[in-house]
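One structure is given here, and the rest of the page talks about it.
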Amino acid sequence: MAGFGEGVEPPLGAVMPEGTRFIGPVGLAANWRPGDAPSDDDLATCVACGLCLPHCPTYRLTGEESASPRGRIAAMRAVADGRANVDATFARFMDLCLECRACEDVCPSHVPFGRMMERARVQIEPLRTRRARFVRWLGLSVVLRRRWVLSLGRRLTPLARPFLRKRVRTLVPGGGPGRRVARTTEPEGPAKGTVALVTGCVQDQWYRPANRATVRVLARNGWRVIAPRHQVCCGALQAHNGRLSTARKLARRNLAAFRDADWVVVAAAGCGAHVKEYGDLLGGEEATAFSARVRDLMEFLDEQGVERPGHGPAGEGPIRVAYHDACHALRAQRIKEQPRAVLRLIPGVEIAEVPDGDRCCGAAGLYNVLEPDMSDRLMEQKAASIASTEATIVASANPGCTMQIAAGLRNAGRRLEVLHPVELLDRAYAAADARADDR
């Protein structure tokens with residue numbers, strides 16, 4: 001059986017580095033382990049044109065074909081065709097991927113790379129070392145699925161910070177998040193409908209101000225907001241790390257928890273992208289109908305319309321805001337103009353576009369803990385790009401990105417405030433109300 005890097009010549013028109021061999025057509029997928037695996041149909045969509053390469057963060061940093069989407073698909077095809085095994089080399093190819101899905105954005109063949117990568121990681125899960133399995137089990141099965149553990153960790157962070165490994169100490173934000181959102185919040189004025197809020201795991205523990213701002217803004221604009229008591233982790237990180245069976249169990253529980261709402265709104269891009277894909281994950285009419293009701297918060301506000309604030313969030317002066325496009329908003333949900341349109345409604349807000357703003361910040365779920373070297377390089381690039389805008393505030397609609405960017409800016413000696421964009425709208429409403437009260 002051939003190893004990786006051996007095989008037949010690439011298809012006509014493929015542009016590959018000198019010395020690289022393309023691994024031939026998809027076969028019978030007989031070499032996959034039992035369980036989820038990349039399908040032959042999905043693998044066959046890639047024609048190895050290479051248009052994705054300059055957009056892939058890991059390829060840009062390494063220049064290695066194996067660190068590109070095309071190289072990873074070639075490795076998957078080798079296994080599917082019986083030419084190679086699911087081994088440590090294959091696992092390394094897959095693990096280095098951020099799953100930012102930048103490749104999908106430019107692919108003329110619409111290759112479902114994110115779906116293939118999730119299934120490839122199911123295949124490599126049994127190969128992980130005991131330590132790697134323990135880290136993933138701790139994060140994915142204990143912390144995220146038992147929120148009291150995450151809450152305890154957050155409360156102990158100020159005491160434990162001196163003893164934490166430098167990596168975790170750098171990333172974890174300080175301070176307490178305040179109270180959770182109420183189970184039910186009634187609208188101001190006539191009700192337009194009921195919105196169920198996905199509170200998230202990391203967002204609920206570390207970034208509650210964003211959730212509270214979300215509820216206030218929705219209620220102000222006529223929406224009844226519920227935070228279902230029995231909601232659980234959305235399952236995104238489990239799916240991204242080879243635990244699709246766990247992700248499906250969590251998704252089924254959420255289908256039941258979110259039944260009683262007109263809309264399901266998510267203020268965390270990573271969660272939103274995954275919840276929108278419950279239909280693909282579970283199949284069936286119920287899951288598909290559920291996903292059709294899901295909206296990213298900024299997408300929802302743009303669609304439904306919001307009250308234009310009568311005042312800016314910081315007095316009379318302008319605010320220069322650097323907007324960060326989270327990968328799972330920009331690529332997985334095709335959300336770009338909607339948050340900008342909402343921010344432009346706020347008096348005094350000037351949006352500063354970040355150079356190379358569509359590049360991943362390196363957070364990528366657990367990636368910044370599991371692959372710190374690659375993550376740090378991407379974090380440094382993102383921090384430098386943001387600093388070049390001379391903005392005073394960074395708007396980020398994903399908690400992982402917020403944590404990563406804040407750490408990168410701190411490391412670079414830049415003390416910029418990093419907020420969810422809805423917090424700026426909420427502050428503008430509060431400033432307008434305060435001004436009205438003074439009259």
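Filter segment 250-281 for residues that are at pLDDT 95 or above and over 20 Å from the mean Cα position of the chain (by Cα); which is nearest to M117 (Cα to Cα)?
R252
Checking T58 against (1) at pLDDT 95 or above; (2) more than 25 Å from G235 (Cα to Cα); (3) among the polar types (S, T, N, Q), which test does it fail?
Failed condition: (2).
Return the pair list, or none, for Cβ contacts closer than 7 Å from residues in segment 106-130 that are closer than 17 Å to S68 by Cβ and among the β-branched types (V, I, T) to residues that are modelled with pLDDT of 90 or more and not in a helix (DSSP H, G or I), at least 6 apart or on different chains.
From residues that are closer than 17 Å to S68 by Cβ and among the β-branched types (V, I, T), the pairs are V106/L51; V106/C52; V111/T45; V111/C46.
Which condition does A191 not pass, out of (1) surrounded by fewer than 19 Cβ atoms within 10 Å (Cβ to Cβ); (2) assigned to a loop (DSSP other than H, G, I, E, B); (3) in contact with an Asp or Glu (Cβ under 9 Å, 6 or more places away or on another chain), if it passes all the others?
Of everything listed in (1) surrounded by fewer than 19 Cβ atoms within 10 Å (Cβ to Cβ); (2) assigned to a loop (DSSP other than H, G, I, E, B); (3) in contact with an Asp or Glu (Cβ under 9 Å, 6 or more places away or on another chain), A191 misses just condition (3).
Among the numbered conditions (1) closer than 30 Å to A120 by Cβ; (2) at pLDDT 95 or above, tell me where Q203 comes up short.
Result: Q203 fails condition (2) only.
State which residue is farthest from A428 (Cα to Cα) when the search covers only segment 211-226 and only residues that are crowded, with 21+ Cβ neighbours inside 10 Å and in contact with a Leu (Cβ under 9 Å, 6 or more places away or on another chain).
Per the criteria, the residue is V225.
Return a yes/no flag: does segment 277-292 have any residue that is touching a strand residue (DSSP E or B) at 6+ places or on another chain (Cβ under 7 Å) and buried (at least 17 other Cβ atoms within 10 Å of the Cβ).
Among the residues of segment 277-292, not one is touching a strand residue (DSSP E or B) at 6+ places or on another chain (Cβ under 7 Å) and buried (at least 17 other Cβ atoms within 10 Å of the Cβ), which makes the answer no.
So which pairs qualify, if the first residue must be in segment 75-89 and closer than 15 Å to M117 by Cα, the second must be outside any helix (DSSP H, G or I) and among the polar types (S, T, N, Q), the Cβ gap must be under 6 Å, and the two must be at least 6 apart or on different chains?
V79/N31
Just one of R259, R248, R252 is out of contact with any strand residue (DSSP E or B) (no Cβ under 7 Å at 6 or more places or on another chain), assigned to a loop (DSSP other than H, G, I, E, B), surrounded by fewer than 23 Cβ atoms within 10 Å (Cβ to Cβ) and outside the structural domain of R101 (by TED's automatic domain parsing); which is it?
R259
If you go through segment 349-357 one residue at a time, do you hit one that is more than 23 Å from V202 (Cβ to Cβ), over 16 Å from the mean Cα position of the chain (by Cα), crowded, with 21+ Cβ neighbours inside 10 Å and not charged (D, E, K, R)?
Scanning segment 349-357, I find at least one residue that is more than 23 Å from V202 (Cβ to Cβ), over 16 Å from the mean Cα position of the chain (by Cα), crowded, with 21+ Cβ neighbours inside 10 Å and not charged (D, E, K, R), so the answer is yes.
Quick check: anything in segment 366-384 over 21 Å from the mean Cα position of the chain (by Cα), touching a residue at least 40 places away in the same chain (Cβ under 8 Å) and crowded, with 17+ Cβ neighbours inside 10 Å?
No, that holds for no residue.
The values are calculated or read from the model by the stated rules, or taken from the named source; none is laboratory data. All values reported here derive from a predicted model rather than from experimental measurement. Here Cβ is always computed from backbone atoms with ideal geometry, including for glycine, and neighbour counts include all displayed protein chains.
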